[in-house]
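The values are calculated or read from the model by the stated rules, or taken from the named source; none is laboratory data. Quantities reported herein were computed from a predicted structural model and do not represent experimental measurements. Cβ placement follows ideal geometry from the backbone for every residue including glycine, while neighbour counts extend to all protein chains displayed.
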Amino acid sequence: MESKNKKEELEIRKASSYDINFPDNKYLENSDKQRIQKAVTDGGISIGNKTFISEKELNKLLVTDRKGVTNAMMSTPPGDLKKVGDVEYMSTPHLQKEISQKRQQPRSITEQEKLGYAQDCVNAFSNNEELSRQRAIEADLITKQRAQLGKKVIKERKSKVSELSGKPLDGMAEVHHKDRVADKPERAFDPTNLAVIRKDEHSEYHNSDYPQNEKGYEQFEKKYKK
């Protein structure tokens, strides 16, 4: 089963297509503020409800040179990188982490102000009114569709045995989210995040000490694959 918003989730839009209310900063020159704002509008994109910034503009937001950008890109987890055409993009949540780390380092007042303003401008883009409304609509959709998700997945897969243990379902079939909806709502309808398992197995996992995420489920799964 896929969300009705699947098509929207794949849509790529430029930051310049959104109405972004950039904040002010009384301590920076107008030229500095405009440079940072332009880096966001020129380098920002959204893919569905997620936002990214082009590596070509990161030097202005991280207040560094090209080598500094290369180092930042190399240390970024694969899940926070996205390649569109020939251009590599960094997710805005990870970019915010990078900026936060730099702000905790001994830097000049001007650098600190630029980094702080970059954070504010990236936030203005990633949480603009249109995207925020879009996320809220999707959250409502997930809530409405989730109640029927289990029955639909089991029917579509024609499940007879547990995908975890291979045991007959015997009327005890339930659908498990490997990554919890509370943690990753964007994966609520992702087929690769869903597993049809027995009710007793489901309860055993959730009552266990295994991490309650995809990696934890993979560890739990090994118990049944021995």
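In table form, for the structure just shown:
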| read-out | value |
| --- | --- |
| Total residues in the stretch 53-81, condition touching a residue at least 24 places away in the same chain (Cβ under 8 Å) and surrounded by fewer than 17 Cβ atoms within 10 Å (Cβ to Cβ) | 1 |
| Lys50 being under 18 Å from the mean Cα position of the chain (by Cα) and either hydrophobic (A, V, I, L, M, F, W, C) or surrounded by fewer than 19 Cβ atoms within 10 Å (Cβ to Cβ) (or both) | yes |
| Any hit, the stretch 139-154, residues being within 19 Å of Asp190 (Cβ to Cβ), in contact with a His (Cβ under 7 Å, 6 or more places away or on another chain) and surrounded by 15 or more Cβ atoms within 10 Å (Cβ to Cβ) | no |
| Answer from Leu58, Leu95, Leu28 - the residue that is among the aliphatic types (A, V, I, L, M), in contact with a Gly (Cβ under 8 Å, 6 or more places away or on another chain) and at pLDDT 95 or above | Leu58 |
| Failed item, numbered, when Glu29 is tested on (1) surrounded by 16 or more Cβ atoms within 10 Å (Cβ to Cβ); (2) more than 29 Å from Glu138 (Cα to Cα) | (1) |
| Positions within the stretch 9-19 being touching a residue at least 24 places away in the same chain (Cβ under 8 Å) and closer than 13 Å to Ile45 by Cβ, in sequence order | Leu10, Glu11, Ile12, Arg13, Lys14, Ala15, Ser16, Tyr18 |
